[in-house]
Amino acid sequence: MQRKPTPEEIIAATGKTVPDIIAPNLRVLFCGINPSVYSAAVGHHFARPGNRFWRSLYSAGFTNRLLSPFEDRDLLQFGYGLTNIVDRATARADQLKPEELVQGQQQLIAKVQQYRPRCLAILGISAYRTAFNRPKAVIGKQDELLHGAIAWVLPNPSGLNAHYQLADLQRVYRELLVAIED
């Protein structure tokens, strides 16, 4: 679907999933908290208008052009993939229970073990703290490796995350890009 979904389609997408975009040996596996109902309605990651993921990737230098959510599969050609901690779509991430995040973390670790990305970038500090039981974690590179993958936490690019403006997102996303290029 490359059109704006109707309000009925968005409501009907509650609880649906968006397929992972994943392959072996990626440079970075970007991991959202869970899909928005908007993303589930259109079947593409970070599709909700106002989400700054695609602009953050481009402005930080991960891609050579601004991709649209409908081109999310094109990330594979750059060596990047997309997944989520929790698969089910909700209107807001705060509708997830802590137990869902912990269970999702276990499934995420299994994906990392199977696909062996160089880096796992989790997009959301609060979700990371809960899912990985790291209450004092901060944005940036984490001390632990996950089955050989560097663990990195980035701010959630949702437009609802007012703590980070686009320039701030660009800066911290760029820090990851510089680190993986070394």
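Here the 3J(HN,Hα) profile of the range 172-179, calculated from phi with Karplus coefficients 6.51, -1.76 and 1.60 at θ = phi - 60°, is 6, 5, 5, 4, 5, 4, 4, 5 Hz, Gly and Pro shown as x.
In this calculation the C-beta distance from LEU166 to ILE11 is compared with R0 = 30 Å, giving a FRET efficiency of 0.55.
For PRO117, the shell of other residues with beta-carbons less than 10 Å away shows a net charge of +4, using +1 for Lys and Arg and -1 for Asp and Glu. Taking every alpha-carbon pair within the range 79-171, the share separated by more than 21 Å comes to 30 percent.
Of LYS4, LYS111, LYS136, the residue with the largest accessible area leads and the full order is LYS136, LYS4, LYS111 (1.4 Å probe). When the Cα positions of ALA89, TRP54, GLY148 are compared along the charge dipole of the chain, TRP54 comes out farthest toward the positive end, with charges on each C-beta of Lys, Arg, Asp and Glu. Per q in 0.08, 0.09, 0.11, 0.14 1/Å, what log10 I(q)/I(0) does a Debye calculation on the alpha-carbon atoms of the chain return? One equal scatterer on each Cα of the chain leads to -0.22, -0.27, -0.42, -0.70.
When Rg and the Kirkwood Rh are both derived from Cα coordinates, the Rg/Rh ratio for the range 1-101 amounts to 0.96.
Summing Cβ point charges (Lys, Arg +1; Asp, Glu -1) relative to the Cα centre of the chain gives a dipole of roughly 160 debye. The residues of the range 69-182 expose on average 51 square angstrom of accessible surface per residue, using a 1.4 Å probe on protein heavy atoms. How many angstrom separate the Cα center of the range 19-59 from the Cα center of the range 118-146? A separation of 18 Å, based on Cα centres. Per residue, the Cα convex hull of the range 30-81 amounts to 74 Å³.
The values are calculated or read from the model by the stated rules, or taken from the named source; none is laboratory data. What you see is a predicted model; the values in this text were computed from it and never measured. For neighbour counting, all protein chains shown are included, and Cβ atoms are generated from backbone atoms with ideal geometry for every residue, glycine included. What goes into the accessible areas is simple: the full protein's heavy atoms, side chains included, and nothing from ligands, DNA or RNA. Shrake-Rupley method; radii C 1.70, N 1.55, O 1.52, S 1.80 Å.
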